[in-house]
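The values are calculated or read from the model by the stated rules, or taken from the named source; none is laboratory data. Here the structure is a predicted model, which means the values were calculated and not measured. Here the Cβ is made from the backbone with ideal geometry for all residues, glycine too, and neighbour counts use every protein chain on show. All accessible areas refer to the heavy atoms of the entire protein, side chains included, with ligands and DNA or RNA removed. Shrake-Rupley method; radii C 1.70, N 1.55, O 1.52, S 1.80 Å.
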Amino acid sequence: MDRECVSLLPRVCEVLADSGRSLPDDTSLEKLLDWFTGLTKPGGSLLESCPCLLEFISTVVNNTASDPGVLSFTLKLAGLIAATEDGFRKLQECSVLDQAFNLQHWQEAGLWEDPCLRIGWIQGLKSSLQHPKALTFFVEADFTEQLLKLQTDTSLFVASAANQMLAHILLFFQPVSSAECNGVDKKEDKVNGSTHASITDLKQPNISVETRAEYSAVVRMISEYLKESLVLKDNTQLRQSLQTLKLLALLLARARPPLRDELLQTVSGSLEELVTAGCSQLTSPLMDVILAAYSSGTDERVPDRRVSRLLSSMLNINKPSDLIRAAAALLHSGHHDAAHTERAVRILLLPLDIITGHTLLGTNTSGDDQGSSMIDHLKSKTSCISAICVCLTNTPHITPLPSDILPCPPAFIVTAVLSLLQVCSGVSSSSSGCSEVCRNVISGAKVQKCALEALTCLSSSPGAEEKISEVFTILIQYLDNPDCDPTVLHKSYQALVKWISVSSNLSSITAQLRQDLAGVVKKRVCDMRWEVRDSTVEFLGHLAGVRVCVKSAEEMCSASEALLGGCCTTLLLKEALQDTESYVRASAISALAKTQTHSWQQGAALNQEETEIVNQLLETLSQDTEGFARRAVVQYFIAWLSSSSSRSPLSASTSSLLMQCVRSVLSQGCADLDWEVKVHTLELAELLLGEAFSGLRGYRKDSDSSNALQHPYGVVSEQAYTLHTHTEALEADLGGALQNLVEQGVISVLLSGLVDCDRPVGLKACKLLKTLRETVCPVSLGALDASTTTAARVTCELPGRGWGKEIRKILWTKKSDKAPEEERSFNGAGEAETGGEGGGDGGEGLTVGVCEVLRSLGLDDRLDVLTQSSDHVHNSPLSLLQDILTARATHARSDAEAGQEVIVDCY
């Protein structure tokens, strides 16, 4: 622990012990507790490093006038110390533990009514229960009964904490059965057909017989409580049953077989009664319990007959809404035994079957009791929308199931979803479906969105590809509907792209459908609503990025060419560049990049239209008032440069235009007011760095990799030995590459980014500069004369204003710190520096050596600072302790001046 913290802690304890009211910053105590918790993690003793804490706890727990917040903090602290046997013993020797957790003491003082104190009491006890001595203390004090009462506390936070505490006791101390130790079963449960070892037949290393007996008593008491509180005698017990189910689900999910069997044997009867009661509020928590028990069984215990019986009962309850929720919970759990899963699937498909009239379940279900009950349920609009949305959400989980579980082929489900979309849009009344139910979903945006999401997921279902023409027809109808909600339109576009991307051949799409799609897109790109225009432009970009077959596997083209024609797409996107909404302009730029990607990769020369687009984008970067479009422009050139670098070589004219544009983007992007534009500009500079040095040994793209190589067992870096084997040709290549980077403006971009006021920009620039330094002027060459390397003679110019002035200040400071004999100018050409402080007068440029600058910027120290969070200076235990002392002093002074506000800036 820091020496200053040790010296301040007694004063802080004194302030907290004397406080009659809470601190102005009520989070400082939680932060203090976090600090203490961190000190105990390495296995250290809090009382050894902070002996004043013992007196502090004793003082506070014996002073009933203390603030409840401070009392709660103190109880948590006492539990933290008592978590070790040594700390527990010291607290007991001073009678502090008995007093701190004495219920009667707090009740008589009238403090127990404060939920803050109850929370502290529970969490303090929970922290202490890490060893057998603490369990003995807990049992002897008879705290189990009180914790069970707190399960239904008026405060939800207290009730939740009590639940967590009870679960901790049972799970932390649960022993291992002899059956688990020996790999054989000790007892056979003839009733359930599963093995069962009672809690008394347990073996737990290093646990005494007395402790096992205490634990068994706690298990019995909690089990009996669970059994009794599960029974729903009247509505007043609903909350208690709910809390009990939450605790039971928590226990069964993590309990090992002995404890799991004990709990199930005790509560299975009560659970069956609860299922029979049919209380809708308890359906979800009941399923949580059943599925937790289902998933916690070992291979020999699945399916447990008790759990299987409960699950069957849940999937046969009479209320349709509860039935659907139970089926959905089973399907999402991932435990798919054939019988129950088949039942759940039929339940979830029933609403879709009724509304569309498609016989998804193989028979007419409207005549049976369950079908009639479901129809009555769906006649209510609210119930209908809720049920059909749950059904649709689960259809993507249904279609991948084995065919022997499904009541119909997956393609039938796709057809039913398409029929539902027609019903929703009012195009079809679904004469074969229930007309009273159909009325509830017409023009229902919520159902439409769920159906479109389901349709998107169903694109990869077995046999779905045969339905692509039907899907196209329905989705084009939606896109053409003038009353369609913008979000529904967006999801229609998403579904269309997904179905196109998974289709191996679009030859089934008729010319009429293609024509209809083109007409709809042209209409929607001019929609009055910007959200619709934006979705349409995004769709055009996604379409251009999908490669599809037209007639044969060899004939590949973009989906936009196959369905819309490339000229149509480019023309629409070019017009969208002038849109009044910045989101649409940005989407249009991104979409244009996707339409060009394939031709970039092929090294194709730009035509007149593409050249005009490039010039228009440069104009956007310099003139657009919104950051979204400017960011998209820089990303466009990143995509162009990366695509061109990885594939076929560019023609001379195209390459010249690209590099000319890149230089312009670098110069404008680094001076942009939007920090994200500047970060993207640095990403463009990073691409140029990689291109310049990719063929040279020793270049590492990621500067962070150097840290990984410092591990004593790490592979030796290739750079470690290639730096000493530079040939003259390699030196010339390094020098030439560095000179090109200077001329392209990359070095200026990196240096300006280093001193940028936005931390993400500075961090990115610093990492890239460090990579550059390790490549062109490694540390191992530091002792050599700079003039012996070609790279060391490369220079760049620092402007007299802006970022150049800031860099010159850094260099001047570094130079001033050197010994007189080590001083040298920062220009590689040997020119003398002129001007006053800062290495210049601030008006004229200064020529400096790039390598010398890279060595003199203190990049390692700067990177350490930039990597730290913005509050690293103040977010410290010392600062916290000082804040508490200052806050108390300020608060005391403000008591004398009524109405004065106390502002505390605690980290």
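Hey, got a sec? Which GluC sites (Glu not before Pro) in region 506-559 land in a DSSP loop and have at most 12 other Cβ atoms within 10 Å? Intermediate values should be presented prior to the final figure.
On the way: sites: GLU531, GLU538, GLU554, GLU555; in loops: GLU554, GLU555.
Within region 506-559, the qualifying GluC sites (Glu not before Pro) (loop, at most 12 other Cβ atoms within 10 Å) are GLU554, GLU555.
Starting from the Cα gyration tensor of region 4-120, take the square roots of the eigenvalues, sort them a ≥ b ≥ c, and report rounded, prolate or oblate (rounded when a/c is under 1.5, otherwise prolate if a/b is larger than b/c, else oblate).
On the way: a/c = 1.68, a/b = 1.22, b/c = 1.38.
Judged from the Cα gyration tensor, region 4-120 comes out oblate (a/c at least 1.5, b/c at or above a/b).
Approximating the spin labels as points 7 Å out from Cα along Cα→Cβ, the CYS526-to-LEU171 distance works out to 6.2 nm. With all protein chains kept in place, the per residue accessible area of region 365-426 amounts to 37 square angstrom at a probe of 1.4 angstrom. Each residue of region 378-481 gets 96 Å³ once the volume of the Cα convex hull is shared out per residue. On full extension, the segment bounded by THR487 and SER312 gains 59.1 nm, given 0.36 nm per residue less the C-alpha separation.
Considering only Cα-Cα distances, which of the following residue pairs are longer than 27 Å: LYS594/LYS767; LYS522/LYS678; LYS449/LYS523?
Details: LYS594/LYS767 29 Å; LYS522/LYS678 35 Å; LYS449/LYS523 22 Å.
Too far apart for the 27 Å limit: LYS594/LYS767; LYS522/LYS678.
The listed residues ASP527, ASP485 rank as ASP485, ASP527 when sorted by accessible area, largest first, using a 1.4 Å probe. When a 1.4 Å probe is rolled over the protein heavy atoms, the share of accessible surface on region 10-158 that falls to carbon and sulfur comes to 49 percent. Annotation: extensible slack from ASP2 through GLU210 equals 70.7 nm (criterion: 0.36 nm per residue apart, minus Cα-Cα distance). According to the Kirkwood relation over distinct C-alpha pairs, the hydrodynamic radius of region 309-350 is 10.0 Å. P(r) tail for region 256-401: Cα pairs beyond 24 Å make up 32% of the total. With the convex hull of the Cα atoms taken as the outline of region 254-340, the averaged projected area works out to 5.4 nm². Relative to its residue count, region 613-683 spans a Cα convex hull of 75 Å³ per residue. Rolling a 1.4 Å probe across the protein heavy atoms gives region 552-665 an accessible surface of 43 Å² per residue. Once the Cα-Cα distance is subtracted from the 0.36 nm per residue extended length, the ASN505 to SER599 segment shows a gain of 31.6 nm. If R0 is 60 Å, the Cβ-Cβ spacing of THR886 and GLU140 corresponds to a FRET efficiency of close to 0.85. Of all alpha-carbon pairs in region 528-641, indicate the percentage at a distance above 24 angstrom. It works out to 22 percent of all Cα pairs. Taking label points 7 Å from Cα along the Cα-to-Cβ direction, SER295 and ARG89 give a separation of 4.2 nm. Label positions at GLU612 and GLU626, each projected 7 Å from the Cα along the C-beta direction, are separated by 2.3 nm. In terms of accessible area, using a 1.4 Å probe and ignoring ligands and nucleic acids, MET528, MET556, MET287 rank largest first as MET528, MET556, MET287.
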